[in-house]
1. Could you list, in sequence order, the residues of the range 144-155 that are outside any helix (DSSP H, G or I) and either touching a residue at least 24 places away in the same chain (Cβ under 8 Å) or touching a His at 6+ places or on another chain (Cβ under 6 Å) (or both)?
2. Counting only residues that are out of contact with any Lys or Arg (no Cβ under 9 Å at 6 or more places or on another chain), assigned to a helix (DSSP H, G or I) and either closer than 16 Å to Arg269 by Cα or open to solvent by 30 Å² or more (accessible area, probe 1.4 Å) (or both), how many does the range 335-362 have?
3. How many residues, within the range 305-334, are open to solvent by 40 Å² or more (accessible area, probe 1.4 Å), under 20 Å from Tyr260 (Cβ atoms) and touching a Lys or Arg at 6+ places or on another chain (Cβ under 9 Å)?
4. What's the number of the only condition in (1) in a helix (DSSP H, G or I); (2) at pLDDT below 95 that Asn308 fails to meet?
5. Of all residues in the range 411-427, which are polar (S, T, N, Q) and either touching a strand residue (DSSP E or B) at 6+ places or on another chain (Cβ under 6 Å) or open to solvent by 60 Å² or more (accessible area, probe 1.4 Å) (or both)?
6. Of all residues being open to solvent by less than 80 Å² (accessible area, probe 1.4 Å), part of a helix (DSSP H, G or I) and not polar (S, T, N, Q) in the range 369-381, which is nearest to Tyr330 (Cα to Cα)? Just the residue, please.
7. Given the conditions (1) in a helix (DSSP H, G or I); (2) over 18 Å from Ser301 (Cβ atoms), and given that Gly228 satisfies all but one, which numbered condition is not satisfied?
8. Please work out which one of (1) under 19 Å from His206 (Cα atoms); (2) of a type in the set (Val, Ile, Thr); (3) open to solvent by less than 40 Å² (accessible area, probe 1.4 Å) is the condition Ile302 fails and give its number.
Amino acid sequence: MNIDVNKNAFKIDLPEDVKFVINQIEKNGHSAYAVGGCVRDTLLNKKPQDWDITTSALPTQVKSFFRRTIDTGIEHGTVTVMIDKTGYEVTTYRIDGEYKDGRHPESVEFSVRLSDDLSRRDFTINAMAYNETDGLVDEFGGITDLNNKIIRCVGVAKDRFSEDALRMMRAIRFSAQLGFNIEDSTMKAIYELAPTINKISMERVHVELGKTLVSANPERCLLYSKTGLFKEILPLIDEALTNKHVNKTLKALKHIPDDYDLNLTLRMRYALLFSSLGSESATKTLKDLKMDNVTIKLVASIIEASQNEIAETEPAIREALRRLGSDIFYLSLDYQKALTLAASDLTGITNPVKLSHYENLRKMAKEIIDRGDCFSIKSLDISGNDLLEFGLSGKDIGKTLEYLLDLCIENPRLNEKSTLISMIPRD
């Protein structure tokens, strides 16, 4: 795609709510524009996730122009305007003060000039604004960089990254999401300022890493290691991205089934990222990243499940389903398949035997599940209450249920209450 650099000829079809917000502000004597990512995405023919608006009006004035507003960040000039159930962030043009913590400005000065606001933004492709009165405002070459598929800082890269160290990760994340290259001076500044990433909270680090991993180019997470960004803050991921298995790991990240949603894609790619280090390293790192317990447990379980070979027999598959549960069973097959395909990518040698094995296990497991075979205690045709009536108690109930399940794993036709009762061991 090549975007026409004639800004005056370009027209963005703004959503009606966005038009309403901008028009309402203009009617009251102030300027307002859609700004940032929504403009960038529209130029790239992508649907924006949200629409941000920047204005010369002060926050108190914005609040007076609309019936329902929320003070989401009023000290920094941001008011959320509610239109029905949708919120639109409206932020006053501003000049940021000194960034002493590498993340937040010490002070904010409001401005009446759009150029002041655009000049404080991170990348040229995020520093464009649009309204129907003035058309596209692109003071820093954002269109040119979109056409050339370049991530470039607004102004001096070291200044932008010194203001907010997270922007270094954002450069890599945008590179992965858009398939763009990072411009040389911008990349050089990342190398130089990489140690300052330790000023950023792990929650924010995870957001950028997560977006990189679920992008169309997850292999670009390698840049987090090459630039030194993860050397101190995430040493185990840094190891995974520098050890001898790294090429296989990066290739495997691409081999995720198309029907995965974003959450599952993220969890599987974290599992693959730690495929050379194991579940303990994954668990420690994900805890450091403040990840939720469901994700931490799932990632570790996928890695651990792949350590045991499963024979192509129904008893072996039922035992695996018993041990893993059906979700982890299937995910572990996808995990191993991804690593097998990655090895083939690197060597040029396919492994049809392994791939056929994973497919056979999947088909056989589906048949077992569809048939209703017993592979868990809860699917036994006998319960702990039944065993209580039979005269068992305490630990003997659990041991007996496990024993009966072992029998049904071998022969699911035994899963009938009277049959199971007849097989209860007697002293």
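The values are calculated or read from the model by the stated rules, or taken from the named source; none is laboratory data. Because the structure is a prediction, the values reported are computed rather than measured. So basically every Cβ, Gly included, is an ideal-geometry build from the backbone, and we count neighbours across all protein chains shown. Protein only, heavy atoms only, side chains kept; ligands, DNA and RNA dropped before computing areas. Shrake-Rupley method; radii C 1.70, N 1.55, O 1.52, S 1.80 Å.
1. Lys149, Ile150, Ile151, Arg152, Cys153, Val154, Gly155
2. 8
3. Counting residues in the range 305-334 that are open to solvent by 40 Å² or more (accessible area, probe 1.4 Å), under 20 Å from Tyr260 (Cβ atoms) and touching a Lys or Arg at 6+ places or on another chain (Cβ under 9 Å) gives 1.
4. Unmet for Asn308, out of (1) in a helix (DSSP H, G or I); (2) at pLDDT below 95: (1).
5. Matches in the range 411-427: Ser418, Ser422.
6. Result: Ile369.
7. Status for Gly228: all satisfied but (1).
8. (1)
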